[in-house]
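In what follows, a structure is listed as structure tokens, so that the remarks can point back to it.
Any read-out appearing in this document is the output of simple, stated calculations on the displayed coordinates, not a laboratory observation. This is a predicted model, so every value here is computed, not measured. Cβ placement follows ideal geometry from the backbone for every residue including glycine, while neighbour counts extend to all protein chains displayed.
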Amino acid sequence: MTCRFVSTTEPRVVAGRHTTPCACDDREFGCLPCPETHCIICGKAHAKAACTACLDATRSDLKAIMDLCLSLPAEAVEKGVQSEAMMLLGPSSDPEAWRNRATSAMVGRLDASYLEDCRDELHPLWVLGTWEQVWRNHLDHTSIAPVTVASAHAYLDMQIGYMSEQVEPAFDEFARELRGCRAHLENVLHDGIREERSQVPCVDCETRLIKVFAAKEADDHWLCPHCRRSYTDLEYARAQHFHMETERADRFVKVSVALGMIDRPEQTLRTWMADGKVKLERDPRTGAILVWWPDVRELHRNTPTRKRRSA
């Protein structure tokens with residue numbers, strides 16, 4: 001079943017389907033809420049819990065945290081014992097002790113506000129260690145070994161496939177904390193994402209893009225923090241131009257602008273238009289044909305591209 005994004009305050013709707021009686025006035029792309037469950041992270045793909053793409057992104061964040069931690073000793077030597085790198089390299093709060101206090105807070109033996117004041121939320125040992133304890137407790141996996149970044153990474157990497165299929169404990173919170181921890185490590189090491197948010201939204205999910213600073217300037221790019229779509233400088237320029245066009249044109253855009261965003265042959269778009277799959281309108285000033293961008297975007301998402309035959 002094909003469904004589409006409407007807004008952050010409304011559920012995804014089935015394309016072309018309406019409720020009875022219909023609750024919308026002139027929404028041609030449908031208003032019937034999609035009955036299927038969606039990925040708890042991206043909210044787009046149909047999945048019981050986390051979709052494959054979000055699982056891969058979370059697994060990548062987990063691996064990146066371990067790789068970045070291996071770079072902390074050299075950074076600490078260069079920046080000194082008072083540096084942020086040294087703080088991240090050093091010890092964190094005891095995850096197991098925190099779990100015991102959290103249990104006491106939940107049953108009322110301890111003031112719950114205490115938990116808000118005793119967390120090292122971005123410390124890799126804290127993030128990985130607390131989630132290792134959460135999942136060990138959930139799966140009844142006991143361990144007497146001390147918690148380290150390496151041991152927590154190994155355990156979570158082994159269980160992450162199973163974790164992504166569960167609703168509880170919350171895999172989306174786990175993914176969000178890993179993403180925050182990775183970004184913090186990258187900022188400290190001056191490598192990777194350092195927050196520079198653009199006014200230009202992602203063309204897929206309309207989340208504002210952020211700038212990713214790579215190790216080499218030539219590898220810098222823009223990234224959507226929600227759906228993880230990456231943009232080259234050319235693609236970002238297209239998205240920026242598209243954003244300006246749609247702001248003025250109320251989501252009707254020129255054929256050339258739509259083609260620049262979907263990167264498909266012009267004949268493909270013309271065929272969709274001729275088949276009545278795309279709502280059309282004429283520019284009152286120039287008489288040029290305009291296309292309804294949400295229709296084009298949905299067709300682009302759900303129509304596979306033909307593979308070229310090799311000579």
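Order of Trp272, Trp131 from fewest to most other C-beta atoms within 10 Å?
Working: Trp272 19, Trp131 22.
Fewest to most other Cβ atoms nearby, the residues stand as Trp272, Trp131.
Show the residues, 5+ positions off or on another chain, whose built amide H is closer than 5 Å to the amide H of Val200.
Leu209
If you take the Cα Rg of the stretch 250-302 and divide it by 2.2 N^0.38 Å, with N the number of residues, what do you get? Don't jump to the answer; show the numbers that get you there.
On the way: Rg = 10.2 Å, N = 53, 2.2 N^0.38 = 9.9 Å.
Scaled against compact globular proteins, the figure is 1.03.
When a footprinting reagent is the concern and you count Cβ atoms within 10 Å, what order do Tyr162, Tyr236 take, fewest first? All intermediate terms of the calculation are to be shown ahead of the outcome.
Details: Tyr162 10, Tyr236 17.
Going from sparsest to densest Cβ surroundings: Tyr162, Tyr236.
Sequence gap at least 6, Cα distance under 8 Å: using those rules, report the relative contact order of the stretch 250-302 to the nearest whole percent. Don't jump to the answer; show the numbers that get you there.
Values: 52 pairs, mean separation 23.0, N = 53.
It comes to 43 percent, rounded to a whole number.
As a footprinting exposure proxy, order Phe174, Phe242 by other Cβ within 10 Å, with the fewest listed first.
On the way: Phe174 24, Phe242 20.
Placing the least packed residue first, the sequence is Phe242, Phe174.
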